[in-house]
Amino acid sequence: MAGLDDVFGDLFSSVDGVALFSPSGSYYERFADLEDEDDAVEVIVVGTENDVGADTFVELPLEFDNISDRIRFGLEGALDQDIIDDGDTLACATSVFSDDIDTVSRVRADADNHTGIYDLFARSRADPEVVKSVLELAIELGQKGQKGKPVGALFVVGDAGKVMNKSRPLSYNPFEKSHVHVGDPIVNVMLKEFSRLDGAFVISDAGKIVSAYRYLEPSAEGVDIPKGLGARHMAGGAITRDTNAISIVLSESDGLVRAFKAGEIILEVDPEAY
Ligand SMILES: Nc1ncnc2c1ncn2[C@@H]1O[C@H](COP(=O)(O)OP(=O)(O)OP(=O)(O)O)[C@@H](O)[C@H]1O
Ligand SMILES: [Mn+2]
């Protein structure tokens, strides 16, 4: 019988590179030595922070709990930064069951299979930090709800002028004359408080809260949303096709947070998993 090394070895034989997801220092060191050899493979570190000081690094906006999202983000980022080429095969080493790396996936970086998860943060009109703050806020809101009750919310981020033109007020805008930004803890409390109210929040590229209570009126032709979801998701998806905004939607009915770009769902996260 072939040894296990022979069988599992196929997972990382003849790969073009190795992607290490949030490796510990000592784990990374073992690869750094390998890189100095003649038949060196490229070593890419992917993580929320470059703790190990790797030369080749792709920054994650958050530790995706879903492994395929995590790997896709890393590979789409590496392709975008020209670290790897379309068609390259990578051994992606990540942790699933503990903090240590315990899993290797052999993945081909296929530009045609592009999900847009990296573009959502790095190539949206809005500042990546703003996208990240809004996503975190939506996840937090999904975990806690409002006073224990599940709550829904719709955040439209970026291209605010155009978004305002494709929407109308449902009520007095509490952010009318204010200059407040997402990410500020007090503002986050206000946003959570106002999430009980109808309509969407409109946020600028730089994170300024432009309006609450906005009723979106994009053309929804040809926008598909999962069954069971309604007007909030339809409007949230469609506005990202009509404008260069992205949207982040927390569903009151199924509790999931979804991000839309160009009319498509790019990311779906379960707040309870964070
Ligand atoms: N065009 C719109 N613009 C802004 N907000 C909207 C729009 N349509 C609906 N909403 C908001 O979404 C809320 C929920 O609507 P609906 O139940 O149809 O959406 P949904 O997609 O099923 O979302 P959920 O999963 O949260 O129920 C409404 O009460 C309203 O506040
Ligand atoms: Mn609904």
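The values are calculated or read from the model by the stated rules, or taken from the named source; none is laboratory data. Keep in mind that what you see is a predicted model, and the values were worked out from it rather than measured. Note: ideal-geometry Cβ built from the backbone for every residue, glycine included; neighbour counts use all protein chains shown. Calculation scope for accessible area: heavy atoms of the full protein, side chains included, ligands and nucleic acids excluded. Shrake-Rupley method; radii C 1.70, N 1.55, O 1.52, S 1.80 Å.
Scanning the stretch 243-257 for residues that are more than 15 Å from ligand 2 (Cβ to nearest atom), open to solvent by less than 40 Å² (accessible area, probe 1.4 Å) and not β-branched (Val, Ile, Thr) turns up Ala245, Ser247.
Taken as a whole, the structure leaves Lys192 outside the set of residues that are within 16 Å of ligand 2 (Cβ to nearest atom), free of Cβ contacts under 8 Å to residues at least 60 places away in the same chain, not polar (S, T, N, Q) and not assigned by TED's automatic domain parsing to the domain that holds Ile71. Name every residue in the stretch 223-234 that is open to solvent by less than 20 Å² (accessible area, probe 1.4 Å) and either within 12 Å of ligand 2 (Cβ to nearest atom) or not assigned by TED's automatic domain parsing to the domain that holds Arg168 (or both), in order of residue number. Matches in the stretch 223-234: His233 only.
With respect to being hydroxyl-bearing (Ser, Thr, Tyr) and either surrounded by 18 or more Cβ atoms within 10 Å (Cβ to Cβ) or within 7 Å of ligand 1 (Cβ to nearest atom) (or both), Ser219 falls outside the description.
Return the only residue of Val52, Val18, Val45 being open to solvent by less than 20 Å² (accessible area, probe 1.4 Å), in the same structural domain as Arg106 (by TED's automatic domain parsing) and without any contact (Cβ under 8 Å) to a residue 60 or more places away in the chain. Please lay out each step first, then the result.
Values: Val52 fails: open to solvent by less than 20 Å² (accessible area, probe 1.4 Å); Val18 fails: without any contact (Cβ under 8 Å) to a residue 60 or more places away in the chain.
Result of the check over Val52, Val18, Val45: Val45.
Scan the stretch 149-163 and give yes if some residue there is out of contact with any Phe, Trp or Tyr (no Cβ under 7 Å at 6 or more places or on another chain), at pLDDT 95 or above, crowded, with 22+ Cβ neighbours inside 10 Å and of a type in the set (Asp, Glu), otherwise no. Looking through the stretch 149-163, at least one residue is out of contact with any Phe, Trp or Tyr (no Cβ under 7 Å at 6 or more places or on another chain), at pLDDT 95 or above, crowded, with 22+ Cβ neighbours inside 10 Å and of a type in the set (Asp, Glu). Looking at Ala245, Ala220, just one residue is hydrophobic (A, V, I, L, M, F, W, C) and modelled with pLDDT under 95, and that residue is Ala220.
For the stretch 72-87, how many residues are more than 18 Å from the chain's Cα centre (by Cα) and open to solvent by less than 30 Å² (accessible area, probe 1.4 Å)?
First, the residues of the stretch 72-87 that are more than 18 Å from the chain's Cα centre (by Cα): 82-87.
With open to solvent by less than 30 Å² (accessible area, probe 1.4 Å) added as a condition, the list becomes 84, 87.
So the count comes out to 2.
With the condition kept exactly as written, say whether any residue in the stretch 127-144 is surrounded by 15 or more Cβ atoms within 10 Å (Cβ to Cβ), charged (D, E, K, R) and in contact with a Lys or Arg (Cβ under 7 Å, 6 or more places away or on another chain). No: the stretch 127-144 contains no residue that is surrounded by 15 or more Cβ atoms within 10 Å (Cβ to Cβ), charged (D, E, K, R) and in contact with a Lys or Arg (Cβ under 7 Å, 6 or more places away or on another chain).
For the stretch 113-126: of the residues being under 16 Å from Val182 (Cβ atoms) and of a type in the set (Gly, Ala, Ser), which is surrounded by the most Cβ atoms within 10 Å (Cβ to Cβ)? Only one residue fits best here, namely Ala126.
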